[in-house]
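Enquirer: Submitted below is the structure of interest, expressed as structure tokens.
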Amino acid sequence: MNSYKVDMKETKDDLVTGVLRGDKRCASQLMSLVEDGWREGEACLRRLYATGRRAHIVGVTGWPGVGKSTLVNRVARFLLAEGKQVGIIAVDPTSPFSGGSLLGDRERMKEIDGDPRLFIRSAATRGHPGGITRTTKSFIKIMEAMGKDVILLETVGVGQNEVSVIQVADTVILTVIPGMGDYLQSLKAGVFEIGDIFAVNKADREGVSNTVTDLKMLIGLNGSERDWKPPIVKTVATSGEGIEELMSAVARHREYGERCDLTVSRRASAAQSEILEIIKSRILHRMAEQSGLQDRLERYAREVCEGTKDPYTVADEILEESKIIELH
Amino acid sequence: MAFKGKRFIVGKLGLDGHDNGLRIVSKWLTDSGYEVVYAGLYNSTKRIVQIALEENANAIGISFLGGEHLFYAHQLMNELHQNEMEDVKVVLGGVIPPDDVRELKGLGVHAVFTPGTPKRKILDTIDSLFQ
Amino acid sequence: MSQKEEKMSTYLEGERVPHFRSLSGIEYKEVYRRSEWNGELPDPGEYPFTRGIHPDMYRGRLWTRRQQSGFGTPEESNERIKYLLKVGQTGINMDADVGTKLGLDPDYPLAQADVGLQGTSLSTYEDMRVLYKDIPLDQVSSTLIINPPYSAVIMAQYLLLAKERGIPWEKLIGTIMNCALTQLIGPTYQAQISFFPIDLTVKIGLDVMEYMVPRSPRWNIVNINAYNVRETGVSAPQEVAFSMSLAADYIRRLTKRGLEVDSFARRMAFFSAAHIDLFEEVAKLRAMRRIWARMLKEKFGAKNEKSLWFRTAIQTSALPLTAQQPLNNIVRATIQTLAAVLAGTQSIHTTGYDEAYSLPTEESHKLSIRTQQVIAYETKVVNSADPLGGSYLVESLTDQIEEQSLELMKLIEDKGGFIQCFKEGWVEEQVNEARYKMAEAIETGDHPVVGVNIFREEEEDLKINIFRHATDMQAKRIRYVQEYRKNRNEEPVKRALENLYDLVRRKPEVNLFEPIMEAVEARATLQEICDAMRRATDFVIPS
């Protein structure tokens, strides 16, 4: 675990006040506390929730190689030029084999890295395939408490798991590049429903108009019940082309979300799932605290594999033994 | 292999563009269970320390190939001191003559790796810094 | 078995090398036979020039001994150039420092600690004058190692110096390396896009080429840089394919501007590596000659024979050189130099034994030249052209490398050409893959390196002298450039820079060389000129 300055109790108050003041060091330390699962982190978060500060949260998602980091860099540059306070959370995958991860998104943001109004934090998925975890949500909350106006969340990729980005973002920009036509066609419907705005990056490449056409068709097929018609914006993130158009689409979507209570209802449903997640994790945590659970679990698992017990019976037995839930 | 619970900032200071060692060591660290924030080329000392602060890093790894190591090492240790970040481990690598290695250690640099150091030695030394 | 016993048994049972693959992974046969080769081999000087571009090769003229030099202030570099000429160098090879290669003046904060460390710090017209003090530009050939877009500024400085000395530009002999994309160490994508917009970089490189072709018929407009890529650990076919594909891109773009291929192709040359697998390197160079000749004739329709000649400058690769037991590097560099000579090359830079530590001392620089002189004068290998031609092994390897290179070149063509592949990060992927593989191979011992993974000495005492810069060198340069800006007429500078800004902003197709030269003449510094262009494209550099 990270080593922090020793006296936790004292620092807790300092951390909260620091975060509310926009202090980067306090925010950074609190993020680590939360990420590593320290209870003190949770205590601080409770107080931060109470402040009710809000930011516009923009999720940038898309497959590896589409230029998400470069796009996020341009978007952040645009916002900083408007005088906004900006936060960026850049998520990269943890290797399932080594447990380590290479967090390389920040390298693409050299132009803006160091701006005092900007806070960039890299996050590894640490075993959660979609990458959007309670930790991500906590990071967002901490950045909101810091006073950020906009928070950009750059996620790992798109697939079944990525649908969860909609839980944390008010506006989702789904990024593709020209030439992905066949791949796009093969994806499941749900993927297209999550995009509020579609960015076709590297639009200086061949095949861009075909990709735009493909997208129009796929969006039409999958999202026709929606009130909001997702715009498709062509961008060249490396040169900045199309960014203004993209940002005006973001502004329009933000305004739409506020006007139609879409933002409120998304956040309400996100809050619901977060509460449920916390409940689940509390239960498991309480059970894990009980000694011997891991051994019993291994023993039970063997019995299930041998066929002497079934997993349902085993689960009931564990729950009964733990006295957390009365089943009868 | 499991997540070691430690985070590295890895990058280069100044204008030198040789990033071979940087990329290779980053990969070794990642494969060994560390989280590596790759800062790449063209960083100033202020920027690297800022990144370490925002990412709450446990260690900073810099590679030097042009002879600029003493200048930047002084600057880096100063900057960390000014920011009350002395608990961050500093690891340097690259083309560094033996006399300079001694001077760097004297400044408080925790480890210095010169070309040809085997992977095992680098990783073991780094692991031992956190024990 | 104890380690000692294990060692003993190795020697008793017979030492063996771990495998029989070439550095690039090609399997060497146990023995090569007559039956595997069709025996066809045109003479040197005959298309497709496998055996060499001149029938008399080194008999007619030895290769140029062209050691790279350059460090610190232009004064110090000038002294080293003179020293090298004195000990037998036959051509100048000026290497600029990182700041200059990124279009920054010495007083730019991020540049200050790197000033003059890896090359000469050049910023003003006067710097060029000092660098070439007492050196006759029309009698000795000069290579200027500088990449676009900054090559435009340096070339302009050189041309203005010639004019000042009354030397007509047609008489200038030499080369400007001027290779976009692969020249910056790496070639890391991040390095290439951080200090200047990439498309403008490529364009200005072509502007320099277009400008020089009609005005300086003896001046080489580009050295397509294969060397820097090879230093990352890529294979010989990759080195060949990358550089040839980049050359093809340049040729296409120049012909698109309306130039006849025969007007410029003879002035295009390469900068390649000589690695330590001797036979593979010889085969590689021979393959490159064939590939270039065929490509120019069949693909680009060149008619003039000189357009079909593959010419290259060679540096012995620094990759095999070690920090451990540095004197071993003398042996390595010698074998690599021999490989280059046997392969046939126009000039050689023999890397110094102290490469892993710092810039060469006078001592090590001299030894590099002496190495070449011993080979040239004592070994007799120069007496006949293409001495290894006809060796079944060498011919077979030449064919194999050619085949693999052409395959990779086709792949790159299909993906849109080298420049496109570079911009998309594909080249970076190949390079990264190769460097990890190389590191692994060294770790496992699959790639033996004496002193590093075999025959290591744990407690080594470093016995060589290491070069040290003058302690006040950087402070001097920083002061110089700051003073320079204060002591000149600002009006012409402002006008020239504004003009450049306007052109880049509103007429980007215009050849920028003359406007840049005007700015140099007006006494603008390197960074001022580049900043005007950066501002015109809203380009932000790291601070």
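Enquirer: Could you give the accessible area per residue of the protein assembly as shown, probe 1.4 Å, as a whole number in Å²?
Expert: 42
Enquirer: In nm, to one decimal, how far is the modelled label at C:L41 from the one at A:R302, with both set 7 Å along Cα→Cβ?
Expert: Each label point lies 7 Å from its Cα, and together they span 7.2 nm.
Enquirer: P(r) for the range C:473-536, please, calculated from all Cα pair distances in 10 Å bins and given in %.
Expert: Cα pair-distance distribution for the range C:473-536, in percent: 23, 48, 22, 7, 0.
Enquirer: Here is a further query. Classify the range C:4-126: rounded, prolate or oblate, from the alpha-carbon gyration tensor (a ≥ b ≥ c, eigenvalue square roots; a/c under 1.5 rounded; otherwise prolate if a/b is larger than b/c)?
Expert: On the way: a/c = 2.68, a/b = 1.51, b/c = 1.77.
Oblate.
Enquirer: Could you give each residue of the range C:136-152 its phi-based ³J(HN,Hα) in whole Hz, using Karplus coefficients 6.51, -1.76, 1.60 with θ = phi - 60°, and x for Gly or Pro?
Expert: x, 5, 8, 10, 10, 8, 10, 9, 10, 8, 7, 9, x, x, 5, 4, 5
Enquirer: Once you place label points 7 Å from the Cα toward the Cβ at C:D414 and A:K84, how far apart are they in nm?
Expert: That separation, rounded to one decimal, is 4.4 nm.
Enquirer: Also, quick follow-up: Specify, per residue and in Å³, the volume enclosed by the convex hull of the alpha carbon atoms belonging to the range C:400-458.
Expert: Taking only Cα atoms, the range C:400-458 has a hull volume of 107 Å³ per residue.
Enquirer: Determine, at each q value in 0.06, 0.07, 0.08, 0.13 (inverse angstroms), the log₁₀ of I(q)/I(0) that the Debye formula gives when each Cα of chain C is one equal point scatterer.
Expert: Here log10 of I(q) over I(0) equals -0.29, -0.40, -0.52, -1.40.
Enquirer: Quantify, in whole percent, the carbon and sulfur part of the accessible surface of the protein assembly as shown (1.4 Å probe; protein heavy atoms only).
Expert: 52
Enquirer: Average partner chain C-beta neighbours within 10 Å, per residue of B:37-50? If you can, show how the numbers build up before the last one.
Expert: Numbers: counts 13, 8, 6, 10, 10, 11, 6, 6, 2, 3, 6, 0, 0, 6.
For peptide B:37-50, the averaged partner shielding equals 6.
Enquirer: Per residue of the range C:376-391, what does 6.51 cos²θ - 1.76 cosθ + 1.60 with θ = phi - 60° give for ³J(HN,Hα)? Whole Hz please, x for Gly and Pro, Karplus curve as stated.
Expert: Along the range C:376-391, the couplings run 5, 9, 9, 7, 6, 5, 7, 5, 10, 6, 6, x, 8, x, x, 5 Hz.
Enquirer: Quick one: what are the phi-derived ³J(HN,Hα) couplings along the range C:505-519, Karplus 6.51/-1.76/1.60 with θ = phi - 60°, whole Hz, x for glycine and proline?
Expert: Values, residue by residue: 6, 10, 10, x, 7, 5, 5, 8, 4, 5, x, 5, 4, 4, 5 Hz.
Enquirer: Pick out which of A:D115, A:D310, A:D170 has the largest mean-square fluctuation in a Gaussian network model of chain A, springs linking Cα atoms closer than 10 Å.
Expert: A:D310
Enquirer: Right, another one. Which residue, C:F513, C:I478, C:C530, has the largest displacement toward the positive end of the dipole of the range C:473-536 when charges sit on each Cβ (Lys, Arg +1; Asp, Glu -1)?
Expert: C:I478
Enquirer: Near the amide H of B:I60, under 5 Å away, which other amide H atoms are found, from residues 5 or more places off or on another chain, if H is placed in the peptide plane?
Expert: Amide H to amide H, under 5 Å and 5 or more residues apart or across chains, B:I60 pairs with B:I9, B:K89, B:V90, B:V91.
Enquirer: Sorted by packing (mean other beta-carbon atoms within 10 Å per residue), highest first, where do B:90-101, C:271-282, A:16-27, C:19-30 land?
Expert: Packing order, densest peptide first, comes out as C:271-282, B:90-101, A:16-27, C:19-30.
Enquirer: Right, something else. Hey, for a label at A:N210 modelled as a point 7 Å past Cα toward Cβ, could you say which residues of the range C:410-425 have their backbone N under 18 Å away?
Expert: Answer for the range C:410-425: C:414-417.
Enquirer: Residues of the range C:514-543 with amide nitrogen under 18 Å from the 7 Å Cα-to-Cβ point of C:R505?
Expert: C:515-516, C:519, C:528-541
Enquirer: Could you give the Stokes-Einstein D for the range C:355-437 in µm² per second, using the C-alpha Kirkwood radius, 25 °C, 0.890 mPa s? List each step's numbers first, then the result.
Expert: Working: Rh = 17.3 Å.
Taking Rh from Cα pairs, D becomes 142 µm²/s.
Enquirer: Provide the buried accessible surface between chains C and B in square angstrom, both chains summed, 1.4 Å probe, rounded to the nearest 100.
Expert: Using a 1.4 Å probe on protein heavy atoms, the buried area is about 2700 Å².
Enquirer: A further question on this structure: Between C:K486 and C:Q373, what is the FRET efficiency for a Förster distance of 45 Å, r being their Cβ-Cβ separation, to the nearest 0.05?
Expert: Between C:K486 and C:Q373 the formula returns 0.45.
Enquirer: In 10 Å bins starting at zero, report the fraction of Cα pairs in the range C:193-317 per bin as a rounded %.
Expert: 12, 43, 33, 11, 0
Enquirer: Also, I was wondering about something else. Only four residue types carry charge here, +1 at the Cβ of Lys and Arg and -1 at the Cβ of Asp and Glu. Report the dipole size of the range C:57-444 about the Cα centre in Debye, rounded to the nearest 20.
Expert: 1520
Enquirer: If R₀ is 25 angstrom, what is the calculated FRET efficiency for the pair A:A251 and C:V540, using the beta carbon separation as r and rounding to 0.05?
Expert: 0.60
Enquirer: Related question: Starting from the Cα gyration tensor of chain A, take the square roots of the eigenvalues, sort them a ≥ b ≥ c, and report rounded, prolate or oblate (rounded when a/c is under 1.5, otherwise prolate if a/b is larger than b/c, else oblate).
Expert: Oblate shape, in that a/c is at least 1.5 and b/c is the bigger or equal ratio.
Enquirer: Short version: what are the Cα gyration tensor semi-axes of the protein assembly as shown, square root of 5 times each eigenvalue, largest first, in whole Å?
Expert: Three semi-axes, in Å: 52, 34, 30.
Enquirer: Further question on the same structure: Summing both sides, how much accessible area is buried between A and B? Use a 1.4 Å probe and give Å² to the nearest 100.
Expert: Approximately 2500 Å², summed over both chains.
Enquirer: If you put +1 on each Lys and Arg Cβ and -1 on each Asp and Glu Cβ, how big is the dipole of chain A around its Cα centre, in Debye rounded to 20?
Expert: 800
Enquirer: Can you give the helix-only mean residue ellipticity at 222 nm for the protein assembly as shown, where every DSSP H stretch with n ≥ 4 adds -39500 (n - 2.57) and the sum goes over all residues, rounded to the nearest 500 deg cm²/dmol?
Expert: On the way: 39 runs with 479 residues, N = 1002.
Roughly -15000 deg cm²/dmol at 222 nm, from the helical runs in the protein assembly as shown.
Enquirer: Let me ask something else. So if we plug the beta-carbon distance of C:H19 and A:D182 into 1/(1 + (r/R0)^6) with R0 = 45 Å, what FRET efficiency do we get, rounded to 0.05? Don't skip to the end; give the middle numbers.
Expert: Working: r = 41 Å, r/R0 = 0.91.
E(calc), rounded to 0.05, equals 0.65.
Enquirer: What whole number of Å gives the distance from the Cα centroid of the range C:161-203 to the Cα centroid of the range C:481-499?
Expert: The range C:481-499 and the range C:161-203 have Cα centres separated by 23 Å.
Enquirer: Another question, then. Within 10 Å of each Cβ of C:533-540, how many other protein chain Cβ atoms are there on average?
Expert: Whole-number average of other-chain Cβ neighbours for C:533-540 is 1.
Enquirer: Using only the Cα atoms of the range B:21-116, build the gyration tensor, take square roots of its eigenvalues as a ≥ b ≥ c, and label the shape rounded, prolate or oblate: rounded if a/c is under 1.5, else prolate if a/b is larger than b/c, else oblate.
Expert: Oblate, because a/c is 1.5 or more while a/b does not exceed b/c.
Enquirer: Separate question: Partner chain Cβ atoms within 10 Å, averaged over the residues of C:313-323 - can you pull that number for me? Kindly include the intermediate steps, with their values, before the conclusion.
Expert: Details: counts 0, 0, 0, 0, 0, 0, 1, 0, 1, 2, 9.
For peptide C:313-323, the averaged partner shielding equals 1.
Enquirer: Looking only at the range A:115-129, which residues have a backbone nitrogen under 19 Å from a spot 7 Å from the Cα of B:K46 in the C-beta direction?
Expert: Taking a point 7 Å out along Cα→Cβ of B:K46, the residues of the range A:115-129 whose backbone N falls under 19 Å are A:115-120.
Enquirer: Points 7 angstrom from Cα along the Cβ direction at A:E40 and C:K463: gap in nanometres?
Expert: 5.7
The values are calculated or read from the model by the stated rules, or taken from the named source; none is laboratory data. Please read these numbers as outputs of a predicted model, since none were measured by experiment. Heads up, the Cβs are rebuilt from the backbone with ideal geometry, glycines too, and the neighbour counts pull from every protein chain shown. All accessible areas refer to the heavy atoms of the entire protein, side chains included, with ligands and DNA or RNA removed. Shrake-Rupley method; radii C 1.70, N 1.55, O 1.52, S 1.80 Å.
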